[in-house]
1. Check 52, 12, 24 and return the single one that is among the β-branched types (Val, Ile, Thr), closer than 18 Å to residue 147 by Cα and in contact with a strand residue (DSSP E or B) (Cβ under 8 Å, 6 or more places away or on another chain).
2. Looking at (1) surrounded by fewer than 20 Cβ atoms within 10 Å (Cβ to Cβ); (2) over 21 Å from residue 134 (Cβ atoms), which one does residue 105 not meet, given that it meets all the others?
3. So, residue 79, is that one at pLDDT 95 or above, more than 17 Å from residue 130 (Cβ to Cβ) and either open to solvent by less than 30 Å² (accessible area, probe 1.4 Å) or assigned to a helix (DSSP H, G or I) (or both) or not?
4. Within the range 126-171, count every residue that is β-branched (Val, Ile, Thr), within 11 Å of the chain's Cα centre (by Cα) and buried (at least 20 other Cβ atoms within 10 Å of the Cβ).
5. When residue 101 is evaluated against the numbered criteria (1) under 27 Å from residue 35 (Cβ atoms); (2) without any contact (Cβ under 8 Å) to a residue 12 or more places away in the chain, which criterion, by number, is the only one it fails?
6. Restricting to the range 108-125, and then to whatever is of a type outside the set (A, V, I, L, M) and in contact with a strand residue (DSSP E or B) (Cβ under 8 Å, 6 or more places away or on another chain), can you tell me which residue is surrounded by the fewest Cβ atoms within 10 Å (Cβ to Cβ)?
Amino acid sequence: MNLNADGLKKSVREIYDFPIPGIVFRDITTVLKDADALRAAVDTMATMLDGVEFDAVLGPESRGFIFGMPLAYKLNKGFVPVRKAGKLPAETARREYALEYGNAIIEIHRDAIVPGKKYVIADDLLATGGTARATAELVAEMGGIVAAGVFFIELAGLGGRKIMPCDVRSLLVYD
């Protein structure tokens with residue numbers, strides 16, 4: 001299989017009417033279980049960050065960990081987990097934000113963000129942009145700078161890119 005963007009797109013499973021009727025769910029587990037596809041995804045996302053100056057990768061829970069950690073490792077950067085409320089043991093900063101079906105809260109350890117340092121948000125999906133934007137706002141509130149966001153999949157029709165306060169780079173784009 002050719003593992004450029006088109007080949008990777010073919011390896012993403014489509015599940016219709018999940019989680020509700022009318023939705024096409026882009027299932028990445030088919031990419032994750034294939035060593036070659038996973039390597040191609042991480043390597044390509046790393047290449048997409050060529051020319052971006054940054055100090056660490058931020059990974060929103062939970063699928064941001066899947067792509068954020070290997071990107072940080074590959075690029076010799078630190079990794080900062082962005083967690084759901086109540087999951088981090090030290091002092092945190094938090095941000096509440098709207099989801100399609102309610103509200104959520106994310107937290108980051110206060111000592112994980114260094115004022116003036118630059119960060120990249122890495123996640124599996126950019127849809128409406130709520131989680132990524134909340135992450136960027138939280139980092140800015142603590143004095144950090146979000147240099148870019150890098151996503152495995154972007155659902156362009158949901159407009160997440162438009163609300164991001166940084167450069168957005170997506171490997172696979174669906175309408």
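The values are calculated or read from the model by the stated rules, or taken from the named source; none is laboratory data. Computed from a predicted structure; not experimentally measured. When we count neighbours, we look across all protein chains shown, and the Cβ atoms used for this are built from the backbone with ideal geometry, even at glycine. Ligands, DNA and RNA are stripped out before the accessible areas are found, and what is left, the full protein with its side chains, is counted by its heavy atoms. Shrake-Rupley method; radii C 1.70, N 1.55, O 1.52, S 1.80 Å.
1. None of the other options fit; the residue is 52.
2. (2)
3. no
4. 4
5. (1)
6. Among them, the one singled out is 116.
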